[in-house]
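These notes concern the structure reproduced below.
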Amino acid sequence: MLVSATEMLQKARAGKYAVGQFNINNLEWTKAILLTAQECNSPVILGVSEGAGKYMTGFETVSAMVKAMDESLGITVPVALHLDHGSYDGCYKCIKAGFTSIMFDGSHFPIEENVAKTTELVNVAHQLGLSIEAEVGAIGGEEDGVVGKGECADPAECKQIADLGVDFLAAGIGNIHGVYPDNWEGLSFETLEAVNNAVGEMPLVLHGGTGIPDEMITKAISLGVAKINVNTECQLVFADATRGYIEAGKDKQGKGFDPRKLLAPGFEAIKAKVKEKMELFGSVDKA
Ligand code: 13P
């Protein structure tokens, strides 16, 4: 069931758990995540970066595939189709293509411009029943071509953006996209607490979910995080499982080269990873 992410995240925030956003790259990814959400009776958010959208030949294709797959698989849990780190133009393209949620990443604009563009997009998204995420304080590292410096968010700016009517807010708290370096200092709970106090009941979003220790995830949820984004971790387990299959020579046995067989271990690895995260985030049986 395709829905906006507003209600599922308000419920998560109130119930002190988080909904996972898992980024999709192709049919296998989408199917694995949808099936796991259904098996876990969990709400889920399918994240699509602009790069992944382009790879899948455009947002129209992505939207058509997700809608058709959601129906053909008989998915009844709430599913949001969400643009991840959207540009201003990308947001309009996804609105037109039938996404149910968008993120406008205006964190690299001066705050006045971020405010003006976010205000406009909030109005358009809400008129059409979509949810909208905004970002303050860039997330570090690189996410599909979007590079961030990784500074912590200013709580006053968070309040300013939250007051524009966005439905959930990503605040930089020392989190980084991709694998964390050995010298990573961990999440800044001081910043998270200050942001949480500044924005009231607004569901907060934790990007860069890959590799954050479980106890930090649990603490972040207790401080208002209701959406956690995971991308790289699914890519890593997919690559590992596929490598294992090929290194064991299984693609050379019988029809082992058939893509439906070749991609099966990676598919199962994504399912297992998504299940593990849903259990950790507490979203199982919350559909
Ligand atoms: P990771 O790739 O580090 O899991 O981050 C995902 C993310 O934040 C998507 O916006």
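Computed from the coordinates by the stated procedures, all read-outs in this text should not be read as laboratory data. Predicted, not measured: the structure shown is a model, and the values here were computed from it. Heads up, the Cβs are rebuilt from the backbone with ideal geometry, glycines too, and the neighbour counts pull from every protein chain shown.
Given (1) touching a helix residue (DSSP H, G or I) at 6+ places or on another chain (Cβ under 6 Å); (2) free of Cβ contacts under 8 Å to residues at least 40 places away in the same chain, where does Ile176 come up short, assuming only one miss?
Status for Ile176: all satisfied but (1).
Filter region 27-82 for residues that are more than 17 Å from the chain's Cα centre (by Cα), within 23 Å of Glu133 (Cα to Cα) and small (Gly, Ala, Ser); which is farthest from the ligand (Cβ to nearest atom)?
Ala64
Pairs needed: first member in region 256-278, under 21 Å from Lys227 (Cβ atoms); second member anywhere, aromatic (Phe, Trp, Tyr); C-beta distance under 7 Å; at least 6 residues apart or different chains.
Ile270/Trp29; Ile270/Phe238; Val274/Phe22
Assess whether Gln21 counts as being more than 16 Å from the ligand (Cβ to nearest atom), at negative phi and touching a residue at least 12 places away in the same chain (Cβ under 8 Å). Working first, answer last.
Values: more than 16 Å from the ligand (Cβ to nearest atom): no; at negative phi: yes; touching a residue at least 12 places away in the same chain (Cβ under 8 Å): yes.
Taking the combined requirement at face value, the residue does not satisfy it.
Can you tell me which residues in region 39-63 are in contact (Cβ under 8 Å) with a residue 24 or more places away in the chain, part of a helix (DSSP H, G or I) and closer than 23 Å to Cys91 by Cβ?
Quick first cut of region 39-63, residues in contact (Cβ under 8 Å) with a residue 24 or more places away in the chain only: 39-53, 55-56, 58-60, 62-63.
From what's left, part of a helix (DSSP H, G or I): 39-40, 50-53, 55, 59-60, 62-63.
Within region 39-63, Glu50, Gly51, Ala52, Gly53, Tyr55, Phe59, Glu60, Val62, Ser63 qualify.
Given His108, His82, which one is farther than 27 Å from Ser283 by Cα and not in a helix (DSSP H, G or I)?
Of His108, His82, the one residue that is farther than 27 Å from Ser283 by Cα and not in a helix (DSSP H, G or I) is His108.
Based on what the data block shows, is Tyr88 within 16 Å of the ligand (Cβ to nearest atom) and either among the hydroxyl-bearing types (Ser, Thr, Tyr) or over 18 Å from Gln21 (Cα atoms) (or both)? Break it down into steps so the answer makes sense when it comes.
On the way: within 16 Å of the ligand (Cβ to nearest atom): no; either among the hydroxyl-bearing types (Ser, Thr, Tyr) or over 18 Å from Gln21 (Cα atoms) (or both): yes.
So Tyr88 fails the test.
Examine region 110-130 for a residue that is surrounded by 15 or more Cβ atoms within 10 Å (Cβ to Cβ) and within 16 Å of the ligand (Cβ to nearest atom), and state whether such a residue exists.
The answer is no; no qualifying residue exists.
Going by what's in this entry, would Thr36 be described as among the polar types (S, T, N, Q) and either buried (at least 24 other Cβ atoms within 10 Å of the Cβ) or not in a helix (DSSP H, G or I) (or both)? Walk me through it before giving the result.
On the way: among the polar types (S, T, N, Q): yes; either buried (at least 24 other Cβ atoms within 10 Å of the Cβ) or not in a helix (DSSP H, G or I) (or both): no.
Here the answer is no, as Thr36 does not meet what is asked.
Determine, yes or no, whether Gly86 is farther than 22 Å from Met1 by Cα and in contact with a Phe, Trp or Tyr (Cβ under 7 Å, 6 or more places away or on another chain). Spell out how you get there, then give the answer.
Numbers: farther than 22 Å from Met1 by Cα: yes; in contact with a Phe, Trp or Tyr (Cβ under 7 Å, 6 or more places away or on another chain): yes.
When the stated conditions are applied, Gly86 passes them.
Quick test for you: out of Thr218, Thr210, Thr242, pick the one residue that is touching an Asp or Glu at 6+ places or on another chain (Cβ under 7 Å) and either more than 21 Å from Asn25 (Cβ to Cβ) or β-branched (Val, Ile, Thr) (or both). Quick ask: steps written out before the conclusion?
Numbers: Thr218 fails: touching an Asp or Glu at 6+ places or on another chain (Cβ under 7 Å); Thr242 fails: touching an Asp or Glu at 6+ places or on another chain (Cβ under 7 Å).
None of the other options fit; the residue is Thr210.
For region 190-215, enumerate the residues that are more than 8 Å from the ligand (Cβ to nearest atom) and either surrounded by fewer than 18 Cβ atoms within 10 Å (Cβ to Cβ) or of a type in the set (Lys, Arg) (or both).
Glu190, Glu193, Asn197, Gly200, Glu201, Pro213, Asp214, Glu215
Show me the helices (runs of 4 or more DSSP H) entirely contained within region 160-261 in which 2 or more residues are under 22 Å from Val284 (Cα atoms).
Details: elements: 189-199, 214-222, 232-247.
Those helices (runs of 4 or more DSSP H) span 214-222, 232-247.
Part of a helix (DSSP H, G or I) and either at positive phi or surrounded by fewer than 19 Cβ atoms within 10 Å (Cβ to Cβ) (or both), is that true of Leu9?
Details: part of a helix (DSSP H, G or I): yes; either at positive phi or surrounded by fewer than 19 Cβ atoms within 10 Å (Cβ to Cβ) (or both): no.
Judged against the criteria, Leu9 is not a match.
Does region 221-233 hold any residues that are over 12 Å from Gly20 (Cβ atoms) and away from the ligand (no atom under 13 Å from the Cβ), and which are they? Even if it seems obvious, please write down each step before you answer.
From region 221-233, those over 12 Å from Gly20 (Cβ atoms) are 222-224, 232; that's our starting set.
Residues satisfying the conditions are Ser222, Leu223, Gly224.
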